[in-house]
Structure formats: C-alpha cells, structure tokens
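Novice: Supplied in structure tokens, the structure appears directly below.
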Amino acid sequence: MTAVLEDLLNSVLDCTVDAVLMTDDDGVIVYVNSSLMRLFGYIDDADSPVGMSIGVLLPDADEMDVEGRRLDGSMFAVDVEVRVLPDAPFVVATVRDMTAQRQAVVDNAIDRIDLANATLRIDQLQKSLDFVIQRLFALGTSILASASNEMELTYRMDTAVQAVDDIINGIQRDRRTRGADLIPTRDLGPW
C-alpha cells in the first residue's frame, strides 16, 4: 500500500465514531484509530497499545459479556464486532462502549422489581383497608344497637375513636421501629 493511500485510510478510520483496531495472527495489535485511543484512555501515540497483546485491552474477549480495560486499569462494558480479513493475516475489530446500554437494562430490571413490590404493597394495603372498613362498620352497628341513650352513644363512639387512634399510633410506632415493609431498591423521590 502506498504511503498516500495508507494516510488516507488512517484519516478515514480516525473519522469513525467506533473504535477500530487490527491485530495480526498472534493477537498483537498492529493498528488502532483515534476513537479507540480515546475510549481506552490513551492520550497520545507514545501510550498507544500498538505492539501489545489484544488481551491488554480485552482481557476476556471470549466471554459473553465482554469488558474492556482502560489504560488506568478500570473495566467497562463493550461490544466487539470481529472480522477476519480475507487473504490477509489480520483481524479487524470494532469496539463500542456499552456501559450506558447495560446500565439501562439494569435500571429497567430494578424498575420492574420496584413496580412488582409496589403492586404487592398496594394489594396488601387494599386488603387491610377492606378489613378495617368491615370492622368499623361492625363496631358502629354494635355501638348504635347497644346504646340506650345519646350520652351513652357519645361515650361509646369516643371510646371507639380512641381505640382506633391507639391502633393507628401503634402501627406507626411499629413501622418506625421496624422500618417499612417495602424497601425500594433506590430512591423513588416523592413517592
């Protein structure tokens, strides 16, 4: 390949958004574009991974969830597309940072768990509310039926209201002591 054509090819590859690298048959990196340099934290050509083993950048390239290793040693999720060049002893790979996409999958799973927990809690509260309403109705009916005069009715109603307040206060004390039954997996803001 002529020097002009090689410079043109390098310029084209440096304009791509995807990180591109090329290795030889032994897995030694022979070319990287500027997007790959930025993605993996290499500042200049002196730090370039050219001449290193592909395992330096992609230590677990044969795993399903591939991670890349930056120059500083930090790991991040990547997607790697590999193409073997026909009639040439080289392999070309494009590498994309998948951190945001994988985080979105995790966030979606957390949201689904939170929704399932909230639905369960709503069902529990609905059952509790139904029970309380039934009990209050029964209590009111009992008080009304057994009161012989208005003063006795007022006394029994005040006593019943105080008993309900005591139950509510006991539940609130218990929740403060034990914490809520439903603990969200992350802060839900005003919910």
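Novice: Please list, by residue number, everything in the stretch 117-142 whose backbone N is under 11 Å from a paramagnetic label point 7 Å out along Cα→Cβ of Glu152.
Specialist: Counting backbone N atoms under 11 Å from the label point, the list is empty.
Novice: Right, here's the next one. Give, as ranges by residue number, the residues of the stretch 148-169 whose backbone N falls under 17 Å from the point 7 Å along Cα→Cβ of Leu139.
Specialist: Backbone N within reach: 153-169.
Novice: Provide the net charge surrounding Asn33, with neighbours chosen by a C-beta distance below 10 Å and charges set as Lys +1, Arg +1, Asp -1, Glu -1. Before the final figure, lay out the partial values.
Specialist: Numbers: positive: Arg38; negative: Asp14, Asp18.
Result for the local shell: -1.
Novice: Suppose only helical runs count, i.e. DSSP H with n ≥ 4. What mean residue ellipticity at 222 nm does that imply for the chain under -39500 (n - 2.57) per run, divided by all residues and rounded to the nearest 500 deg cm²/dmol?
Specialist: Details: 5 runs with 100 residues, N = 191.
Calculated from helices alone, the mean residue ellipticity at 222 nm is -18000 deg cm²/dmol.
Novice: Rounded to two decimals, what is Rg over Rh for the stretch 1-124 when you use alpha-carbon atoms and the Kirkwood radius? Before the final figure, lay out the partial values.
Specialist: Working: Rg = 19.3 Å, Rh = 16.5 Å.
Reported Rg/Rh, Kirkwood definition of Rh: 1.17.
Novice: Moving on. Indicate the helices, whole DSSP H runs only, in the chain that combine a mean Kyte-Doolittle hydropathy of -0.5 or more with a Cα extent along their long axis of 20 angstrom or more. Spell out each step's value before the answer.
Specialist: Values: long enough: 99-146 (69 Å, 0.23); 150-178 (42 Å, -0.85).
For the chain, where a helix must reach 20 Å along its axis and average at least -0.5, the hits are 99-146.
Novice: I would also like to ask the following. Fewest first, what order do Phe137, Phe40, Phe76 take by the number of other Cβ atoms within 10 Å? Kindly include the intermediate steps, with their values, before the conclusion.
Specialist: Values: Phe137 10, Phe40 26, Phe76 15.
The most exposed by this proxy come first: Phe137, Phe76, Phe40.
Novice: Still on this structure, I have one more. Rounded if a/c is under 1.5, else prolate if a/b is larger than b/c, else oblate: which is the stretch 102-178, with a ≥ b ≥ c the root eigenvalues of its Cα gyration tensor? Could the numbers behind the result be given before it?
Specialist: Working: a/c = 6.84, a/b = 3.00, b/c = 2.28.
Note, shape of the stretch 102-178 comes out prolate.
Novice: Using a 10 Å Cβ count of at most 14 others and DSSP loop calls, identify the longest part of the chain lacking such trypsin sites (Lys or Arg not before Pro). Write out the running numbers ahead of the final one.
Specialist: Values: sites that count: Arg70, Arg186.
Excluding the exposed sites themselves, the longest stretch runs over 71-185.
Novice: Right, something else. Please compute the contact order of the chain in relative form: average sequence separation of alpha-carbon pairs under 8 Å and at least six residues apart, divided by the residue count, as a percent. The partial results should precede the final answer.
Specialist: Numbers: 183 pairs, mean separation 25.5, N = 191.
Computed value for the chain: 13 percent relative contact order.
Novice: Tell me which of Gly41, Gly140, Leu125 sits at the most positive position along the dipole axis of the chain, charges placed on C-beta atoms (Lys, Arg +1; Asp, Glu -1).
Specialist: Of Gly41, Gly140, Leu125, it is Gly140.
Just so you know, all these numbers are worked out from the coordinates, no wet-lab data involved. Everything numeric here is computed off the predicted structure, so don't read it as measured data. Using ideal geometry, Cβ is built from the backbone for each residue, glycine included, and neighbour counts are taken over all protein chains shown.
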